[in-house]
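What follows is a set of notes on a single structure, which appears directly below.
The values are calculated or read from the model by the stated rules, or taken from the named source; none is laboratory data. This structure is a prediction, so every number in the text was calculated from the model and none was measured. Neighbour counts run over all protein chains shown; Cβ positions are idealised from the backbone, glycine included.
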Amino acid sequence: MIVVIDYGMGNLASVQKVIKSLKKEVKITCDKKEIQKASLIVLPGVGSFEQGMKNLNDLGLVDLLYQEVIQNKKPFLGICLGMQLIMEKGSEPNECNGLGWIKGRVVPIVNSRLPVPHLGWNNTYKHKEENQGDTLLNNFYFIHSFHVLPEEAVECTYVDYEFRMVASIEKENIFATQFHPEKSQNAGLLLLKNYIESYA
Amino acid sequence: MLKVRLIPVMTFNGVSLVKTKQFTNARTVGNPIQVARVYNSRNVDELVFVDIKATEQGRKINLPLVKKVIDECFMPVTIGGGIRTFEDINDLLGIGADKVLIKSKALQNPEFIVKAVEYFGSQCISIAVDVIVKDREYLTHQKNDEKVLMKTFIEKMHQCNVGEFVVNSVVCDGMMNGFDKILYQNVSQITTKPIVAVGGAGVPSHFTELVQTNYNGALAASSIYHFTQYTPQEVKKTLNKAQIPVRI
């Protein structure tokens, strides 16, 4: 069973809808026993980093998630705020600690020319070897004012918005996206289908 | 590269989908769930659904129906109509809306918007700005005769840190003669927040013409999709030919 963590941070119904459309069993919950039983943990979310961490702390989920994802290596999918929270430090609105599973910080998008938030459909890309250019990937739906800066070697895809930002991170059993695959039409559905079917 | 968003707008009167001309003469155009399903299959970038009679008739939006519309959509959905309380916003976000579109309450009580942005986050609070032209000035469209400059209203909402403005020209609504290009130049100078232009599109070249004025917001429309053979995909092809970045 797939568990979508309910910690009071935004649109969980869309994630649930997509998983259901893939004919997989899904539960929205913050119950520790259910999370322990899950085959895959999904952490979605929109809103501020500080509030997100506060809610996870208040629900007593920080240690439990560490145990399940880092110690037991359970597959984990983070979306948007759920991706940012796995970093060490956030700054929205104040500096605070994140889950710290990946070294690095979450910082505001500072852009001279283009509006913030980075809102809309943008294509992601992967770096090939040195001097071989980029591999263009699909268009996904983004809406965010902060972005992550990993400080360790993790597999990333990127997105350009006057400068290069991280669009997704992969490290062992952790996969996380800054964009919203559940809102990204066929491209997002396919990505989730491939990911979920390989785990759950 | 960030793409220009193409957004169909669905206006609902409590019973069926309707399309107005200059905010009157509502003509029935179909069943909202079927229409949402078609737009989803046409791979549109976002969808806006508004109950245009909810505030006027003093009722709440029909949540079970809106949920069915949202359930058809695998792209971001904005829902508006009769939003007066935090509970209304919560109900809509709870059934899967990504943004809520607020007009009357924002005009009456900006403080409500400040609190809504703090509580729900700016990304999900969109403001509808319905614009009329009077004595060569852009004003907000009001049920009473109170005169509110569009500029004043947008500035105030910008300060409230709302997520987006959906700017609808009442004069152009349903006329299919093209967007009011001057209007969006004006709005772009007042706010740096994302803008959605709606009102006037009748053929694909109308969208291109608006973008070519250096407008960098989203392109919304309704009549063209209801009353002509043009689909959102055909509009995107036209934009693409004019070197405007779209998601195809």
### Task
Just one of (1) at pLDDT below 95; (2) farther than 24 Å from B:Pro76 by Cβ trips up A:Gln51, so point out which.
(2)
### Query
Hey, does the stretch B:34-41 have a residue that's among the small types (Gly, Ala, Ser), more than 23 Å from B:Val131 (Cβ to Cβ) and more than 14 Å from chain A (Cβ to nearest Cβ)?
no
### Message
Quick check on my filter: what residues within the stretch A:10-28 are part of a loop (DSSP other than H, G, I, E, B) and out of contact with any strand residue (DSSP E or B) (no Cβ under 9 Å at 6 or more places or on another chain)?
### Response
A:Gly10, A:Asn11, A:Leu22, A:Lys23
### Task
For B:Lys193, indicate whether it is within 30 Å of B:Phe86 (Cβ to Cβ) and either within 14 Å of chain A (Cβ to nearest Cβ) or assigned to a loop (DSSP other than H, G, I, E, B) (or both).
yes
### Query
Would you say A:Val42 is touching a residue at least 40 places away in the same chain (Cβ under 8 Å), part of a helix (DSSP H, G or I), away from every other protein chain (no Cβ under 14 Å) and closer than 23 Å to A:Lys193 by Cβ?
no
### Query
Assuming A:Leu192 fulfils every condition listed in (1) outside any helix (DSSP H, G or I); (2) at pLDDT 95 or above apart from one, which condition is it?
(1)
#### Entry: Selected residue (criterion: surrounded by the fewest Cβ atoms within 10 Å (Cβ to Cβ)) from residues of the stretch B:182-230 that are among the hydroxyl-bearing types (Ser, Thr, Tyr) and out of contact with any helix residue (DSSP H, G or I) (no Cβ under 7 Å at 6 or more places or on another chain)
B:Thr192
## Note on the structure
Taking the stretch A:148-183 and keeping only residues that are in contact (Cβ under 8 Å) with a residue 60 or more places away in the chain and within 14 Å of chain B (Cβ to nearest Cβ), one is left with A:Gln178, A:Phe179, A:His180, A:Pro181, A:Glu182, A:Lys183
#### Entry: Subset of the stretch A:8-22 that is at the interface with chain B (Cβ under 9 Å from one of its Cβ atoms) and over 20 Å from B:Gln123 (Cα atoms) - its residue that is surrounded by the most Cβ atoms within 10 Å (Cβ to Cβ)
A:Val18
### Query
Only one residue in A:Gly120, A:Gly90, A:Gly133 is over 19 Å from A:Leu192 (Cβ atoms), surrounded by 19 or more Cβ atoms within 10 Å (Cβ to Cβ), away from every other protein chain (no Cβ under 14 Å) and not acidic (Asp, Glu). Which one?
A:Gly90
### Task
Name the single residue, out of those in the stretch B:1-15 being touching a Pro at 6+ places or on another chain (Cβ under 8 Å), at pLDDT 95 or above and not in a strand (DSSP E or B), that is nearest to the other protein chains (Cβ to nearest Cβ).
B:Lys3
### Message
When you check B:Asn161 against the structure, is it more than 14 Å from the chain's Cα centre (by Cα) and at positive phi, yes or no?
### Response
yes
